[in-house]
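Shown next, in structure tokens, is the structure this report addresses.
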Amino acid sequence: MYELVYSFLFFLVAISYSSVGHGGASGYLAILSLFLNNDKEISSTSLCFNLAVSLIGFFRFHSKHETNWNFSLPLLIPSMTTSFLASSFSFPSNVVRLIMGLTLLFSGSRILWESSLVVKNTQEPKLFIKLIIGSIIGFLSGIIGVGGGIFLSPVILILQWKTLKESASTVAIFIFLNSFTGVLGRIYGNKFMITESISYILPAIFGAILGSYLGSSKLTENLLRKILSIIILFAGIKLLIK
């Protein structure tokens, strides 16, 4: 009975997150914490889910909006480096969760307030700004075991670099590569642990296929913004409570 409930929850999380190009690590962390007690296993399993879901999202959104590699690479390269470094070390969890929770609450609230705004006049950020932001997001993602899309999306929207649909493929590949380096960092630091809980990846994959299709083909820009804000607020509250 519990297996069916958990499978359904993973399915729903994957639909919601993949509809906006996300992997869903914060949602998977929340569900896995319901029946797992080992932090290493929780974060490792969540990152593996992220790898599968974000890769599906990337191919879906990339087919609709071709990835701008000139825009993406200055974010990806430093984030992958700092994600690997942070994933290989252990940090105090309480302070990190407080800081990240407050940051997510702020970002989610800002997007929710501006959900009726459609970004039309996008502006290209300076190279050094992207390098700095990519490094910070990668480092923070490596610490808590996520792909970083839940931080990158608010930055892109608030600073009006891209519209949500335009940035979706960048966010998806950003999450995939940061999750990959996060796994490598945990393996290097002897923090990687996988057990039978990995079997729940199947409903997550099915949810990702459906969610990425809805997000890339059916949902409006404003609805995507509202979904994203709810996801970010949920993740922030989860981190603060835990």
Pair list, Cβ < 7 Å and 6+ apart or interchain, from the stretch 38-67 residues that are closer than 20 Å to M80 by Cβ to residues that are in a helix (DSSP H, G or I) and modelled with pLDDT under 70: F61/S216
Given (1) within 17 Å of A168 (Cβ to Cβ); (2) at pLDDT 80 or above, number of the condition V20 does not satisfy: (2)
Any helices (runs of 4 or more DSSP H) falling wholly within the stretch 128-222 and containing at least 1 residues that are of a type in the set (F, W, Y) and open to solvent by 50 Å² or more (accessible area, probe 1.4 Å): 164-188, 201-217
Filtered residue count, the stretch 137-163, keeping only those that are among the aliphatic types (A, V, I, L, M) and under 13 Å from S87 (Cα atoms): 5
In the stretch 9-44, the residues that are aliphatic (A, V, I, L, M) and within 13 Å of L210 (Cβ to Cβ): L12, V13, A14, I15
Selected residue [of a type in the set (D, E, K, R), farther than 28 Å from K40 by Cα and modelled with pLDDT of 80 or more] from K191, K130: K130
Test result for Y17, aromatic (F, W, Y) and surrounded by fewer than 24 Cβ atoms within 10 Å (Cβ to Cβ): no
Candidate set from the stretch 20-36 (those that are surrounded by 23 or more Cβ atoms within 10 Å (Cβ to Cβ) and of a type outside the set (A, V, I, L, M, F, W, C)); member that is farthest from L164 (Cα to Cα): Y28
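The values are calculated or read from the model by the stated rules, or taken from the named source; none is laboratory data. All values reported here derive from a predicted model rather than from experimental measurement. Note: ideal-geometry Cβ built from the backbone for every residue, glycine included; neighbour counts use all protein chains shown. The area values use the complete protein model at the heavy-atom level, side chains included, leaving out ligands, DNA and RNA. Shrake-Rupley method; radii C 1.70, N 1.55, O 1.52, S 1.80 Å.
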